[in-house]
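Take a look at the structure below.
The values are calculated or read from the model by the stated rules, or taken from the named source; none is laboratory data. Keep in mind the model is a prediction, meaning the values are calculated, not measured. Because the Cβ atoms are built from the backbone with ideal geometry, glycine has one as well, and the counts that use them run over all protein chains shown.
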Amino acid sequence: FPLGNKGLVSIAAAGQGATALIPTLNPAFSISSFGFNNYIYELGFGAGAGIYYQFNHVIATGAAYYTGSASNSDFGLFNGAFGALAQVTLTPSDRFGMALTYVRYYSPETANTASFLGSQFAQSPFGSNTATSSNSLGVSTSYRFSDRFTLGGWLGYSNAIAESSPRNNDFDGSTGSKADIWSWAVTAAFPDIGKLGSQLNLIVGMPPRLASNDVVGRRDRDVSYHLELSYRYPLTDRIFITPGVLVIIDPEHNDENDTIGVGLLRTQFNF
């Protein structure tokens, strides 16, 4: 619902995240979860609320809090897993935009510090049964060079902290251990290629990678790359088809893993 004539407030009982209200500045349509936006936007999903306020044509701010534990009587809204986000969005011109984002994440049980988008180590740096928090920073940008070409990208970083000791003996670790997670992407959008309303999309990036860890043996030693190409084509004003292909080189940031390729054809109906 509106907040005056410059703001919006969103409240959800379930099934929502920060991107329902907070802009991510990605000009490209994506056929993958990784390609939609910086992974730190997904650190919190479920029940919660968000607010976004446009102070003027240059500066806007937003904040959001979402938890997946609201229906669990042991945790409720504030004692379970949550993601709390704050963002400043700068649009000094109609061509350029930049977003500076901070996210505080916590999970008392099964941690997922990479939003299901990175390696197993990036998702659970200290083991799946270790309470974990993280402080994440992100920068997202886009620049429209012309009506037919917009370039975007983002950089994401998380400092994860073990809030309890692992509940197994598979490795050594303890409360206070820290780990660093990195991710980046470059996106390109080419609107109206072939037909008005169509768009060619290119996304290249590195899925969330655990670059360092106080827990010996739990870090990603190699680097994965995500390559994605798609073409969104309007059959009618309400029906779109999107053929696309994506390739993941060295999945799980492990150069011993074979390259994965996926081709698809997506059909979208708008009502």
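Yes/no per residue for (1) within 23 Å of the chain's Cα centre (by Cα); (2) surrounded by fewer than 13 Cβ atoms within 10 Å (Cβ to Cβ):
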site: Glu228; (1), (2): yes, no
site: Leu246; (1), (2): yes, no
site: Asp250; (1), (2): yes, no
site: Asn254; (1), (2): yes, no
site: Asn257; (1), (2): no, no
site: Gly261; (1), (2): yes, yes
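Residue selection: Thr175 fails the criterion of being crowded, with 18+ Cβ neighbours inside 10 Å, of a type in the set (S, T, N, Q) and assigned to a loop (DSSP other than H, G, I, E, B).
Of the residues making up the range 104-153, those that are surrounded by fewer than 20 Cβ atoms within 10 Å (Cβ to Cβ), of a type outside the set (S, T, N, Q) and closer than 23 Å to Ala63 by Cβ are Arg104, Pro108, Leu137, Val139. For the range 196-227, residues that are touching a Gly at 6+ places or on another chain (Cβ under 6 Å), more than 17 Å from Asn26 (Cα to Cα) and of a type outside the set (A, V, I, L, M, F, W, C) total 1. Does Ala81 fit the bill of being touching a residue at least 60 places away in the same chain (Cβ under 8 Å), among the hydrophobic types (A, V, I, L, M, F, W, C) and buried (at least 18 other Cβ atoms within 10 Å of the Cβ)? Considered against the rule, which asks whether it is touching a residue at least 60 places away in the same chain (Cβ under 8 Å), among the hydrophobic types (A, V, I, L, M, F, W, C) and buried (at least 18 other Cβ atoms within 10 Å of the Cβ), Ala81 comes out as no.
Scanning the range 204-257 for residues that are charged (D, E, K, R) and in a strand (DSSP E or B), we see that the one that is nearest to Gly138 (Cα to Cα) is Arg209.
Okay, residues lined up against (1) in a loop (DSSP other than H, G, I, E, B); (2) of a type outside the set (Gly, Ala, Ser); (3) at pLDDT below 90:
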residue	(1), (2), (3)
Leu85	no, yes, no
Tyr102	no, yes, no
Tyr105	no, yes, no
Ala114	yes, no, no
Ser128	yes, no, yes
Leu137	no, yes, no
Ser140	no, no, no
Phe145	no, yes, no
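Scanning the range 87-103 for residues that are surrounded by fewer than 22 Cβ atoms within 10 Å (Cβ to Cβ), of a type in the set (A, V, I, L, M) and under 14 Å from the mean Cα position of the chain (by Cα) yields one hit, Leu100. Exactly one residue out of Ala18, Ala12, Ala28, Ala60 is over 16 Å from Tyr105 (Cβ atoms), surrounded by 15 or more Cβ atoms within 10 Å (Cβ to Cβ) and modelled with pLDDT under 90, and it is Ala12.
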